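Notes follow the structure.
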Amino acid sequence: MTEPLLQHLTPDELELWAQGLLPAARDIHLAQCAECRALGERERKLFRELARLPRFAPEFGFVERVMGRVRIPSPSNEFENR
Amino acid sequence: MRAATSNAGDGVIGAKDRPSNLTGASDPEVAQWAQHGHEPAFRELVRRYERPVFSLLYRMVRDRALAEDLAQETFIKVLNGIKSYNPQFKFSSWIFKIANNAAIDHLRKRDLDTLSLDGSPHATTPEEMSATALQLGDRGESPLQEVEARELGSAIERAIAKLRPEYRACILLRHVEGHSYEEIARILDLPLGTVKTYIHRGRNELRVYLEDRKA
Ligand SMILES: [Zn+2]
């Protein structure tokens, strides 16, 4: 019904655009549609902020606390049997 | 002390099969070494995933001590069940699935315990949301809570906290951990279409929360 050129970008396409992966055919729509461009910019800004979130570390000694409660399986010699 | 004791696997796994460079090995390789009882492989898996898993849990429950407990629970479950790991699947998907389940279980129990309290992760009305925001920001009594307020106090962290847990998990797995939609569907045991919907709604809500603050 609607011509692809006229269709607004879907959320998936906006994500592709923010990653620089939007197919050229849809880029044409973006070039003509201020609404999609504005939304795309807002999405890109959000992606950037999310991607910059730091990773937190648990308290020092986490590995040892975990290893203290893990049962190491008795070593098998499956490698030799294969 | 444990590190100093000799690894029980060394005697059985031939020297030629021993991983020469554990840190350079892929996740499935390390997991397979763990399946064969190679203790350093267990440590390597914990080292690789302690931060991503802890960060996800911390952002889900917003309580450092609790996130650490849930992270420990996750690793113990994963490592004690390492024999059931299927290397055809991503190790990260498996561990995040168990971590997310731990977080969601906890949040459900907490909701049942504190149905009447504000700050519900399911806040939908503006009143509920501002109650949530107040609760998140104004509780710097203990040193640990001060750390939490500092670490999770930015606008974006507070906006993430306002998302309902299902949206929050999806957004974190997609945009912080970089999983594909398909992987997230596997991790969360949800249909692909549902994952997409949650992520799109989550992003819309985040944009609204962030833009409201600036307005
Ligand atoms: Zn448009």
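The values are calculated or read from the model by the stated rules, or taken from the named source; none is laboratory data. Just so you know, these numbers come straight off a predicted model, no measurement behind them. Here Cβ is always computed from backbone atoms with ideal geometry, including for glycine, and neighbour counts include all displayed protein chains. Please note that ligands, DNA and RNA were not included when accessible areas were found on the heavy atoms of the full protein model with its side chains. Shrake-Rupley method; radii C 1.70, N 1.55, O 1.52, S 1.80 Å.
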Query - Selection status of B:ARG47, open to solvent by 20 Å² or more (accessible area, probe 1.4 Å), touching a Lys or Arg at 6+ places or on another chain (Cβ under 6 Å) and at the interface with chain A (Cβ under 10 Å from one of its Cβ atoms) - result: no
Of the residues in the range A:27-56 that are open to solvent by less than 30 Å² (accessible area, probe 1.4 Å) and facing chain B (nearest Cβ under 9 Å), the one that is nearest to the ligand (Cβ to nearest atom) is A:GLU43
Original post:
Does at least one position in the range B:184-198 carry a residue that is of a type outside the set (A, V, I, L, M), crowded, with 21+ Cβ neighbours inside 10 Å and touching a residue at least 40 places away in the same chain (Cβ under 8 Å)?
Top reply: no
Worksheet entry | Residue within the range A:68-80 that is in a helix (DSSP H, G or I), modelled with pLDDT of 90 or more and either away from the ligand (no atom under 15 Å from the Cβ) or over 20 Å from B:GLU205 (Cα atoms) (or both) present | no
Here, helices (runs of 4 or more DSSP H) confined to the range B:153-215 with at least 3 residues that are of a type in the set (S, T, N, Q) are B:192-214
(Q) Tell me whether the range B:173-183 contains one or more residues that are within 12 Å of another protein chain (Cβ to nearest Cβ) and surrounded by fewer than 15 Cβ atoms within 10 Å (Cβ to Cβ). (A) yes
Filtering the range B:66-92 down to residues that are closer than 22 Å to B:LEU163 by Cα and either touching a Lys or Arg at 6+ places or on another chain (Cβ under 9 Å) or within 9 Å of chain A (Cβ to nearest Cβ) (or both) yields B:ALA67, B:GLU68, B:ALA71
When the range A:22-58 is checked residue by residue, the ones that are assigned to a helix (DSSP H, G or I) and either closer than 27 Å to B:LEU152 by Cβ or among the hydroxyl-bearing types (Ser, Thr, Tyr) (or both) are A:GLU41, A:ARG42, A:GLU43, A:ARG44, A:LYS45, A:LEU46, A:PHE47, A:ARG48, A:GLU49, A:LEU50, A:ALA51
Among residues of the range A:2-21 being within 13 Å of the ligand (Cβ to nearest atom) and in a helix (DSSP H, G or I), the residue farthest from the other protein chains (Cβ to nearest Cβ) is A:TRP17
Boolean, A:ALA24 is at the interface with chain B (Cβ under 7 Å from one of its Cβ atoms), hydrophobic (A, V, I, L, M, F, W, C) and open to solvent by 60 Å² or more (accessible area, probe 1.4 Å):
no
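Okay, residues lined up against (1) in contact with a Gly (Cβ under 6 Å, 6 or more places away or on another chain); (2) at positive phi; (3) touching a residue at least 40 places away in the same chain (Cβ under 8 Å):
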{"site": "B:THR23", "(1), (2), (3)": "no, no, no"}
{"site": "B:ALA31", "(1), (2), (3)": "no, no, yes"}
{"site": "B:ALA34", "(1), (2), (3)": "no, no, yes"}
{"site": "B:GLU39", "(1), (2), (3)": "no, no, no"}
{"site": "B:ARG48", "(1), (2), (3)": "no, no, no"}
{"site": "B:VAL53", "(1), (2), (3)": "no, no, yes"}
{"site": "B:LEU57", "(1), (2), (3)": "no, no, yes"}
{"site": "B:ARG62", "(1), (2), (3)": "no, yes, yes"}
